[in-house]
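What follows is calculated from the coordinates using simple rules that are stated; it is not laboratory data. Treat the numbers as computed from the prediction; the structure is a model and nothing was measured. No Cβ is skipped: glycine too gets one built from the backbone with ideal geometry, and neighbour counts run over all protein chains shown.
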Amino acid sequence: MRRTDHSRPRRRTLVLAAAAVLAVPAVAVPAAVATEPSPSSADAEAAGLPSGNTAYRTLADYEADMAALVAEHPDLVKPVTLPYPTTSGRTVRGIEISTNVQADDGKPVFVDVGMHHGNEFPSGELTMEYAIDLVESAAAGDRYVTRLLDRARVVVVPIVNVDGFVRGRRQTDTNTDMNRNYGMGWLPISTGGAAPWSEPETRNIEWLLSTRQAVVFNTQHTCIQVVLYPPLQLAAGPAQDVGRLHALASEIAAIYGPGYDALPSAEDYETTGEAIDWAYYATRGLSITTETCPDSGVARTYQTQVLDVYDEHREAMFTALETAADPGQYAVIDGKGPKGAVLRITKAFDMYTSPYLQPDGSTRPTSFTTTLESDLTIDSRNGKFEWAVNPSYRPIPAYQEDGVHGFQTGFYEEPWILTCELPDGTVLQTVPVNVNLGETATVDLKECRREFHQARP
Ligand SMILES: [Zn+2]
């Protein structure tokens, strides 16, 4: 993957310069004062989070921070409300960040979420701080960030398990580990939930990734030093895109530090029903679990888990965002349609859990349908559009109708079904589109242009 570190804002250098300036008056401070036990906020200033925070946020703090970004930078930020309230009725919120964020411009997408596990507070903090960093950097005219946000869109949901966060515990309010509840390969383990996708929190992420064409999906966790990618089970064998997955994960791991590994999740420890497995095999977006943790023997504090790792985290997330913006990592559908028409791409397919003992006494997988659907309204005057999408070729997963068949190397040839529609949903033209990574498929929408103008003279 391309390295463009040299063009990144030299945040650390600036911070060090500021710290040096601040340190000057300290020379004059009497020794007795200078040797007082200094609160962690002294180090906090030196490291410097984008928010300036020195302690963990409450839920109200997260919501206030997201609302403030939306209110202060409507050109850069818009709210995202996930469709399913949590078990205890709480709303799960996020924000979308890009230059000209209100436009329907088909940019590639990076989805970044925190707090699948409600007691892993640093994962929410790092995710929120990066969002603030992006917005404030772009608002301040930072060229590196602005150029990236000209080319890509970022969707951030800092707390996906809001009930767990409020209670300070790993599980949701049904005592389910939502990162064991995703349907693909699911097993009825004690924390897996009553059924695949039983949790509204899990369905929120299903919805998000089913509608966003995410090129990169990062789910942030603590506390291991590792960046994980699919699959979750050794029996599944390597993912078809193992080269790309490992390249991204290892680049990110190297940024966090020498103690960090990049490896398939199955080689860390085997699980089932995690977000990254379904996400990759359904969408082919590069899906990673990033786990940060202080070195062994270092106390786990706000200082060591948030402040001390933030500079590396931002660098890591810029790598993820650059990858999402890299045309080699997504497919493009382009063409010329009528201004005002709605383009929609869909595909629906069955996926399977692991085999397990069913109520009827048989041992077999349960099937579920994944439907991917995204839309784009043509808003350029000349009707031209360029839409970054996931490839239409879907990796064949190990989990099949009749059990686990690992070490798959192939892809399903399932075209995107593109429809060109009136704003009221009337379909004027349907075109199947096959398009692979790094390719552009140009669709001919003459029929839609003609019909659209007849319907709307
Ligand atoms: Zn976790």
Within the chain, longest stretch clear of exposed chymotrypsin sites (Phe, Trp or Tyr not before Pro) (DSSP loop, no more than 13 other Cβ within 10 Å):
57-268
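Apply the a/c threshold of 1.5 to the C-alpha gyration tensor of segment 331-455 and tell me whether it is rounded, prolate or oblate.
Details: a/c = 4.01, a/b = 2.24, b/c = 1.79.
Prolate is the answer for segment 331-455, as a/c is 1.5 or above and a/b outweighs b/c.
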Please give the charge dipole size of the chain, origin at the Cα centre, charges +1 on K and R Cβ atoms and -1 on D and E Cβ atoms. Round to the nearest 20 debye.
980 debye
Please name which of S250, M317, A195 has its Cα lying farthest along the dipole of segment 183-318 towards the positive end, using unit charges on Cβ (Lys, Arg +1; Asp, Glu -1) and the Cα centre as origin.
A195
Could you check the spin-label model distance between N175 and T301? Points 7 Å from the Cα along Cα→Cβ, value in nm.
3.6 nm
Can you list the GluC sites (Glu not before Pro) in segment 186-274 that are in a DSSP coil and have 16 or fewer other beta carbons within 10 angstrom?
E270
What is the sum of charges, Lys and Arg at +1 and Asp and Glu at -1, for the other residues whose Cβ falls under 13 Å from the Cβ of P258?
-3
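Can you give the calculated 222 nm mean residue ellipticity of the chain, where each DSSP H run of n ≥ 4 adds -39,500 (n - 2.57) and the sum is split over every residue, rounded to the nearest 500 deg cm²/dmol?
-9500 deg cm²/dmol
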Got a sec? How would S250, S88 order by Cβ neighbour count within 10 Å, fewest to most?
S88, S250
Mind listing the phi-derived Karplus ³J(HN,Hα) values for segment 369-377, rounded to whole Hz, using 6.51, -1.76 and 1.60 with θ = phi - 60°, and x for any glycine or proline?
9, 9, 10, 9, 8, 10, 9, 8, 8
Extension length gain for I417 and H453 (0.36 nm per residue less Cα distance), in nm, is 10.7 nm
What ranking of M178, M66, M115 emerges when the number of other C-beta atoms within 10 Å of each C-beta is taken as an exposure proxy, fewest first?
M66, M115, M178
